[in-house]
Amino acid sequence: MKKLFAALLASVALGFAGGASAEDRPEVPVPAVEASAAGAPAAVKVEAPVAAPAAAVAAVAAPAEAAPAPVPNKGDNAWLMVSTAFVILMCIPGLALFYGGLVRAKNMLSVLLQVFAVFSLISVLWVLYGYSIAFTEGSAFFGGLDKVFLKGITPDSVAATFSKGVVISEFIYVAFQGAFAAITVALILGAFAERIKFSAVLLFAVIWFTFSYLPIAHMVWYWAGPDAYTSAEAADAANATAGFLFKKGALDFAGGTVVHINAAVAGLVGAFMVGKRVGYGRESFAPHSLTLTIVGAALLWVGWFGFNAGSALEANGVAALAFVNTWVATAAAAFSWMMAEWIIKGKPSGLGAASGAVAGLVAITPAAGFVGVAGAVAMGLLAGAICLWGVNGLKRMLGADDSLDVFGVHGVGGILGAILTGVFAAPSLGGSGIWDYVTNKTADAYSIGDQVIVQATAVGTTIVWSAVVAFIAYKLVDMFIGLRVPEDEEREGLDITSHGESAYHQ
């Protein structure tokens, strides 16, 4: 009996010893980030963590092992999955309904199908070669072809975030960025709605996506990731492999240049080159369903939380800041547009409120994670009033039939937001400043004037690049298949003449 009791005591002692050793095992630290840097990080590949030694004696005897490689945080992964779904919601159905309600009833189905088809087409091209060109190392303007067809990416592959030692699954990063690419091309469609050939839409989308969206995304968002910035020398080496505008220090949290200015310029060029709609300036082109437009705008607002807050790539305080900024800037812009319209035209309108909301969403996109809440409100108020001028005064000055005011909202709002990011990102105005990854803290100095010049350089580069590519793309499409439908088909409506269907039946 005594032997049995002694054996039980020994077993209990061993159990407590084993439990204590497990509890004392150190965990891999996950550093917190107070502010993120501009752009989206490059994908990085890490090996599986090394197994812990079986006994303390073996650990002492064995040579020191390398620190375990970081593994994705399930919360960050889950947030990116939700954000990606939100961005898809923005495009289909959000953008499709917003645009569809603004055209005449005879063209409703054609707009819905164009958005749906472009989203599908770009999604496939993104997987085939788009991700590789945008987010692998190459030149300052184009990435390489190492990941065509997503070659080498597995469920264990990871991508860097904006925190040292923190990663996410690369597959969800691929999907998140792919949704951005798809909605960017779809935004262009509103500029030449109601008169373009469906085949022309598809061919233009392929050319412009390949030679404008991908290089601009690479220029602004490609870098080696925060873990490469261990010293001043290492930072110089990492910057040498980064995109052209990233090297210059351009701040674009979620796509002011890459998405909105890029698409808006292509749309404006298209409005000129496709030509004005038959009867433009003489006939009524009133929206056929403001109900659907406002529903679409509401879906855009909801989806945009994934667009902006998801661009933090982590479920952290920066994502929360971007979330709040997206909320209040949009509300401020909707109210600003509505009030300005009330003063100028005598009545506030539902279309004005919806358009103002979209203008606010556009303007806060490049700034969402960089500016304080007061800065976001100021940007929203300015965006509402200035974009109202963009779709009225500026549109008349340009003389283009930009059917759904793509440039007036996305172009003007995107330019305004990109420039003001340089202003309100200043710590003195409540912004986050510039994050120094070598010291892993906010840089000591911030010059509003210098940063505004950098922002203006990014804006100018995007405008010129997109305009040149768009002009060439439209010319090629016109040469091979023609840009617009015949006049009789345009008068009858594209729903019937291009697709043999009607959105509505009497």
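The values are calculated or read from the model by the stated rules, or taken from the named source; none is laboratory data. Here the structure is a predicted model, which is why all the values come from computation and not from measurement. Here the Cβ is made from the backbone with ideal geometry for all residues, glycine too, and neighbour counts use every protein chain on show.
Some notes on this structure:
- Assessment of segment 250-268 against the conditions (among the charged types (D, E, K, R) and closer than 30 Å to E489 by Cβ) yields no matching residue.
- Looking across segment 89-141, just one residue is without any contact (Cβ under 8 Å) to a residue 12 or more places away in the chain and β-branched (V, I, T), and that is V124.
- Which numbered condition P72 misses (of (1) under 22 Å from the mean Cα position of the chain (by Cα); (2) assigned to a helix (DSSP H, G or I)): (2)
- Top-ranked residue in segment 186-236 [being in contact with a strand residue (DSSP E or B) (Cβ under 7 Å, 6 or more places away or on another chain) and part of a helix (DSSP H, G or I); ranked as farthest from Q455 (Cα to Cα)]: D227
- Verdict on G417 being touching a residue at least 12 places away in the same chain (Cβ under 8 Å) and either surrounded by 18 or more Cβ atoms within 10 Å (Cβ to Cβ) or part of a helix (DSSP H, G or I) (or both): yes
- Subset tally (residues that are in contact with an Asp or Glu (Cβ under 8 Å, 6 or more places away or on another chain) and of a type in the set (V, I, T)) for segment 167-214: 1
- Residue match in segment 198-213 (condition: within 20 Å of the chain's Cα centre (by Cα) and within 20 Å of F253 (Cα to Cα)): yes
- Scanning segment 483-506 for residues that are outside any helix (DSSP H, G or I) and in contact (Cβ under 8 Å) with a residue 24 or more places away in the chain yields L483, R484, V485, G493, E501, S502, A503, Y504.
- Failed item, numbered, when I168 is tested on (1) over 30 Å from V406 (Cα atoms); (2) among the aliphatic types (A, V, I, L, M); (3) in a loop (DSSP other than H, G, I, E, B): (3)
- Number of the exception - G165 against (1) of a type outside the set (F, W, Y); (2) over 20 Å from F192 (Cβ atoms); (3) modelled with pLDDT of 95 or more; (4) surrounded by fewer than 24 Cβ atoms within 10 Å (Cβ to Cβ): (3)
- Considering V477, V464, V459, V452, the condition of being more than 17 Å from I196 (Cα to Cα), β-branched (V, I, T) and touching a residue at least 40 places away in the same chain (Cβ under 8 Å) is satisfied by V459 alone.
- Residues in segment 156-198 that are out of contact with any helix residue (DSSP H, G or I) (no Cβ under 7 Å at 6 or more places or on another chain) and free of Cβ contacts under 8 Å to residues at least 60 places away in the same chain: F171 only.
- Test result for L251, farther than 18 Å from S132 by Cα and not in a loop (DSSP other than H, G, I, E, B): no
- Selection count where residues are touching a residue at least 24 places away in the same chain (Cβ under 8 Å), hydrophobic (A, V, I, L, M, F, W, C) and at negative phi, scope segment 142-152: 1
- Tallying residues that are of a type in the set (V, I, T) and crowded, with 19+ Cβ neighbours inside 10 Å within segment 420-449 yields 3.
- Among the residues of segment 428-480, those that are of a type in the set (V, I, T) and more than 30 Å from M273 (Cβ to Cβ) comprise I434, V438, T439, T442, I448, V452, I453, V454.
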